[in-house]
Structures are given as structure tokens and as C-alpha cells.
Amino acid sequence: MEIFGFDLSAILPFILVGFAAQIVDGALGMAFGVISQTMLVSLLGMPPAAASASTHMVEVFTTGASGASHIWQKNVDWGLFKRLVPFGVAGGVIGAYLLSSIDASVARPFVMMYLTGVGIYLFVKAFRLNHHTFEDPKTTRPLALAGGFLDAAGGGGWGPVVTSNLLIQGGDPAKTVGTVNTSEFLLALSVSIAFILTMGFEAFGLATVGMIIGGVVAAPFGAIIVKRISPRTLLLAVSVVLIATSMFAIWKAWPIF
């Protein structure tokens, strides 16, 4: 059986990965890049630049669908969105160009160590959460610049870096996840264009098509989940996923640990 000209048995694993990664990303504002990058690089042996290019191309479609769903569910803070997007795009384009010529991912384990600490902090904070103390995050532009750069150069990082740090600053968990997801569409689009200009369309293939199908199908469910669970539960889930994915990335980089 074929789908879009591809053998279903060959493309189905990528559809399932795209679906699972987008369910988590849409609900928690992170982990699509981590899940998809791990599979493409570790299981399929793709070069980091090609894997990052493929992941970002998929995210153009998944974040577009996810962003539309979050807008529909009124999960987006438009003031925060306007502060994040320009600097996130700038950081992403710089990271894409660097990744095509140098290995900028060497710093990734150290970033993941930092994010593990952030995850532990958020885990503790979830138990002390006061539903009436949400604040508008102040430090956003440098955060978006760093998140965009690490996302392109390190193979994922926009969600973990930006979502977690906005939550540390007291942001409403549902609005934070929805805004970060929606702004990621423009980041993914910009990074994908940069990868196409530096690497061509050769970097995109079966994995890209499969993950697009699975991710787009899953996108509406994440926004619905965010709308229906409590801030405390959402913050706990974010912290657990952040700790688990960050520690896994550290283990991959330094397997002796």
C-alpha cells in the first residue's frame, strides 16, 4: 500500500513519531525536536545538519496547525508573541547558517545541564503554585534570541529554553505553552528557508513527509489538552518532560555518565 507515493510500511514509523512528538509538544510547549532529532540521528544515522533541517521543515507544518489550534482555544498572549518572534527568528537563522559549516552542538550538553536544573526548579514550584500570582514575563527578547539559536544549531531547544524560562518568571502555564507553540511557526519557517538556501532540498525526504502527516494530525489535540488541565498539572508535566529529555541528551553526549 502506498501513501503520497511512499510505501506505507516504510513511512508509518515516521508518521507515528511525528504524531507522538507533536502531542507532547502541543500540550507542553517542548520536545518535538528532541524526539524527532533523537530518532533521525541516533536510529537512522542522519547527519545533525540534515536531521535539523528535516525537523524544522516538519515543524513548519506542525507548528502552523498547532498555532492555529492554540489561537482557536485562546491560549495565545499576543503581547508576548510580538516580543518573542523577531529575536527568535534572528537567533534561528544565525544558528542554521552556523550549523551548515561548523559543529555548534558541542555546547548542547551544558545547556541541557542547565535545563535539568530548571526542570527541578519548576517541579518544586508546581507544588507551591498560587493560581493568582501569574505575571507577564519581563526577560523575553534575549531569551528568544538564545532559544532560536540553540534550536537551529543544537537540534532543538526553542521549547525547552523559552517555555521553561518564561514559566520561571511567573508566566501563566497555558498562555506560555500556547504562545511559544504559535511563535515557533515563524521560527521554523525562517530556519527552514535558511537550511534550503545552504543545503538545498536534498535534506528532505521520507522522514520529513511521514512526520508532517503524523504531526499535523496530532496538532489540534495538544491545544485542547492545554485548555483542559490545571496550571499545576501542566507545570508538573513540563518539569518532568524537561528533566527527562535534558538528562537523556546529557547521557547521549557523555555516555560514561
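Net charge in the neighbourhood of Leu187 (other residues with Cβ under 9 Å of its Cβ; Lys, Arg +1, Asp, Glu -1) is -3. Computed over neighbours whose Cβ is under 11 Å from that of Phe81, the net charge equals +1, Lys and Arg +1, Asp and Glu -1.
None of the figures in this text is laboratory data; all of them are computed from the coordinates on show. Everything numeric in this text was worked out from a predicted model, so none of it was measured. Note that each Cβ is placed from the backbone with ideal geometry, even for glycine, and that neighbours are counted across all protein chains shown.
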